[in-house]
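Undergrad: I have a structure I would like to understand better, so I am pasting it below and will then ask my questions one at a time.
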Ligand SMILES: Cc1cc2nc3c(=O)[nH]c(=O)nc-3n(C[C@H](O)[C@H](O)[C@H](O)COP(=O)(O)OP(=O)(O)OC[C@H]3O[C@@H](n4cnc5c(N)ncnc54)[C@H](O)[C@@H]3O)c2cc1C
């Protein structure tokens, strides 16, 4: 358990362990098909209902919508714990958060934010563009509408989303640049086309999509014209810390799994744990996990203090996800060839850990941001 947690957080952690044992484990590992079957959908609904009753569902939701938002430290503890179970259904314990819609008013609030928080509508985030695009997605202000054209290449959940929050470069009718904007676009709006559906190696589903003269009311702009980038990145620190907690939880799962394996009988007659070379490898996995968790919890506390944490969340995201990559890889090595068999828990984790090094900021780009933070802005702690 992370050191020196407030008593209240320890109590919630115990409640969460109990929730996993009583609600999630009895549903079995099959929740992994993410609602692609009726059985999967039933399991997800069971988790959501039980989570509402236990109060976990509301911990990621704003108070003005009936939520009981938890501190970053508490959410970090819970996310790490859920990830360390390696049970996919734990992903459905927390209710949907507001994401980029967090401060919207009027039609965006009643038509999108509120249904999202109730779990009635789903959004997807469209930022990444294909290298082949002749120009970045753009929208022209036309009266009280915005006419959007362009392409997005990697929209997670875009196939089943009700709407897309897309980053758009806005122009006035005379061609003057009005900066970027995050714009809510209905998936079924005329001119929105899905070009390709694909699955990445971690098992998640995505689409690439085209906007061909898609017309949306100007009121679908989140915030003001010109605020697109800051809006898109507003919550990124919290999301990066969420990914970090997931990565750290993966390391905990692997260490526990491998410890049991190396202590059990081996065909050589000597358990692997008695071999010094294995111990060295195992120790490295523990050392790296200890350091990653230390960064994770320190950063969660910095975020809760309200101080600037942009550099710290970026550093933590790089370190924890890269650590998870190494720890899973080493775990797989120690387990042996069976760990490569499709469906083995370590095989699955290997794929999932790899994608964490891309999502919400690829490691190299975050490294560049961290260097820029220090060299150009004199920001960032050590
Ligand atoms: C599982 C998964 C889910 C995703 N979901 C979404 C989503 O929902 N919405 C969305 O918009 N996108 C999504 N993405 C896309 C993701 O955000 C991008 O893959 C990521 O930002 C990297 O961009 P890119 O793939 O275009 O690679 P590029 O930007 O082309 O970078 C490729 C590599 O080139 C190097 N590189 C690039 N720029 C520099 C530089 N300036 N200096 C030095 N090296 C550099 C780095 O090594 C980098 O990893 C998802 C990706 C994955 C894997």
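The values are calculated or read from the model by the stated rules, or taken from the named source; none is laboratory data. Everything numeric in this text was worked out from a predicted model, so none of it was measured. Positions of Cβ are generated from backbone atoms using ideal geometry, with glycine treated the same way; all protein chains shown enter the neighbour counts.
Undergrad: Can you tell me which residue is surrounded by the most Cβ atoms within 10 Å (Cβ to Cβ) among those in the range 125-139 that are at pLDDT 95 or above and more than 15 Å from the ligand (Cβ to nearest atom)?
TA: So the residue we want is 139.
This table checks each residue for (1) closer than 19 Å to residue 122 by Cα; (2) at pLDDT 95 or above; (3) in a strand (DSSP E or B).
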residue	(1), (2), (3)
146	no, yes, yes
149	no, yes, yes
154	yes, yes, yes
161	yes, yes, no
165	yes, yes, yes
173	no, no, no
178	no, no, yes
184	yes, yes, yes
193	yes, yes, yes
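Undergrad: Counting only residues that are within 16 Å of the ligand (Cβ to nearest atom) and surrounded by fewer than 19 Cβ atoms within 10 Å (Cβ to Cβ), how many does the range 158-183 have?
TA: Matching residues across the range 158-183 total 4.
Undergrad: Does residue 49 satisfy the criteria of being over 18 Å from the mean Cα position of the chain (by Cα), at pLDDT below 95 and in a helix (DSSP H, G or I)?
TA: It is false that residue 49 is over 18 Å from the mean Cα position of the chain (by Cα), at pLDDT below 95 and in a helix (DSSP H, G or I).
Undergrad: Given the residues 261, 266, which is the only one that is surrounded by 16 or more Cβ atoms within 10 Å (Cβ to Cβ) and either in contact with a strand residue (DSSP E or B) (Cβ under 9 Å, 6 or more places away or on another chain) or not in a helix (DSSP H, G or I) (or both)?
TA: After ruling out the rest, the residue left standing is 266.
Undergrad: What residue, among those in the range 140-157 that are buried (at least 18 other Cβ atoms within 10 Å of the Cβ) and within 16 Å of the ligand (Cβ to nearest atom), is nearest to residue 222 (Cα to Cα)?
TA: Checking each candidate, the answer is 148.
Undergrad: Report yes if residue 324 is within 16 Å of the chain's Cα centre (by Cα) and within 13 Å of the ligand (Cβ to nearest atom), otherwise no.
TA: Considered against the rule, which asks whether it is within 16 Å of the chain's Cα centre (by Cα) and within 13 Å of the ligand (Cβ to nearest atom), residue 324 comes out as no.
Undergrad: Check the range 330-337 and report whether any residue there is closer than 28 Å to residue 3 by Cα and more than 14 Å from the ligand (Cβ to nearest atom).
TA: yes
Undergrad: Write out, first by first residue and then by second, each pair whose Cβ atoms fall under 8 Å of each other, whose residues are 6+ apart or on separate chains, and whose first residue, in the range 364-382, is outside any helix (DSSP H, G or I) while the second is within 16 Å of the ligand (Cβ to nearest atom).
TA: Close Cβ pairs (under 8 Å, with a partner that is within 16 Å of the ligand (Cβ to nearest atom)) amount to 379/373; 380/370; 380/373.
Undergrad: Shifting gears a bit: Of (1) under 17 Å from residue 202 (Cβ atoms); (2) within 14 Å of the ligand (Cβ to nearest atom), residue 318 satisfies all except one. Which?
TA: For residue 318, the exception is condition (1).
Undergrad: In a helix (DSSP H, G or I), crowded, with 20+ Cβ neighbours inside 10 Å, touching a residue at least 60 places away in the same chain (Cβ under 8 Å) and under 16 Å from the mean Cα position of the chain (by Cα): is that true of residue 80 in this structure?
TA: Yes.
Undergrad: Then there's this: Out of curiosity, is residue 94 within 20 Å of the chain's Cα centre (by Cα), assigned to a helix (DSSP H, G or I) and either closer than 30 Å to residue 351 by Cβ or more than 16 Å from the ligand (Cβ to nearest atom) (or both)?
TA: no
Undergrad: I'd like to know if the range 281-304 contains one or more residues that are within 16 Å of the ligand (Cβ to nearest atom), more than 24 Å from residue 205 (Cβ to Cβ), in contact with a helix residue (DSSP H, G or I) (Cβ under 9 Å, 6 or more places away or on another chain) and outside the structural domain of residue 73 (by TED's automatic domain parsing).
TA: no
Undergrad: Filter the range 352-363 down to residues that are in a helix (DSSP H, G or I) and within 10 Å of the ligand (Cβ to nearest atom) and give me whichever is farthest from residue 330 (Cα to Cα).
TA: 363
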